[in-house]
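Have a look at the structure below, then the notes.
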Amino acid sequence: MESYPIKEARVRLGDLHAAVVHRAAHPRITKNGKDPVVLVTEQEWRELQELRLERAAREADREATRIRPYLEAGKTPPGYEVYTREQIASGDWLA
């Protein structure tokens with residue numbers, strides 16, 4: 001993966017765009033050597049977003065499976081806290 005400082009990337013933006021679109025390159029751009037970003041096509045970005053959503057759904061399903069027995073038994077699952085409407089409305093739960 002080629003890496004470019006942001007100033008150079010600005011000058012070469014057209015070339016970098018062409019590299020991403022036509023050669024499936026993924027240039028890395030940094031600002032002062034930090035905070036790297038990588039250029040990808042919009043389709044690749046959409047695919048990454050879809051994968052993130054799928055992963056989040058799988059994690060939510062696993063968590064639901066883990067806490068279901070506690071909820072069915074009327075208990076609070078470990079790692080969870082219960083607040084009344086009054087506590088939430090008053091902001092006491094934030095303390």
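The values are calculated or read from the model by the stated rules, or taken from the named source; none is laboratory data. These numbers were taken from a predicted model, which means no experiment stands behind them. Because the Cβ atoms are built from the backbone with ideal geometry, glycine has one as well, and the counts that use them run over all protein chains shown. In case anyone asks, the SASA skips ligands and DNA or RNA and just uses the protein heavy atoms, side chains included. Shrake-Rupley method; radii C 1.70, N 1.55, O 1.52, S 1.80 Å.
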Which residue out of T84, T41 is at pLDDT 95 or above and of a type in the set (S, T, Y)? T41
Looking at (1) in a helix (DSSP H, G or I); (2) surrounded by 10 or more Cβ atoms within 10 Å (Cβ to Cβ); (3) not hydroxyl-bearing (S, T, Y), can you tell me which one V40 breaks? (1)
First in the range 42-56 and within 18 Å of H22 (Cα to Cα), second anywhere and assigned to a helix (DSSP H, G or I), Cβ under 9 Å, 6 or more apart: E44/V20
Complete set of residues in the range 47-95 that are of a type in the set (V, I, T) and either on the phi > 0 side of the Ramachandran plot or surrounded by fewer than 11 Cβ atoms within 10 Å (Cβ to Cβ) (or both): T65, V82, T84
Look at I67 and say whether it is of a type in the set (V, I, T), modelled with pLDDT of 95 or more and part of a helix (DSSP H, G or I). yes
Within the range 1-37, track down each residue that is in contact (Cβ under 8 Å) with a residue 12 or more places away in the chain, open to solvent by 100 Å² or more (accessible area, probe 1.4 Å) and either in a helix (DSSP H, G or I) or among the aromatic types (F, W, Y) (or both). H17
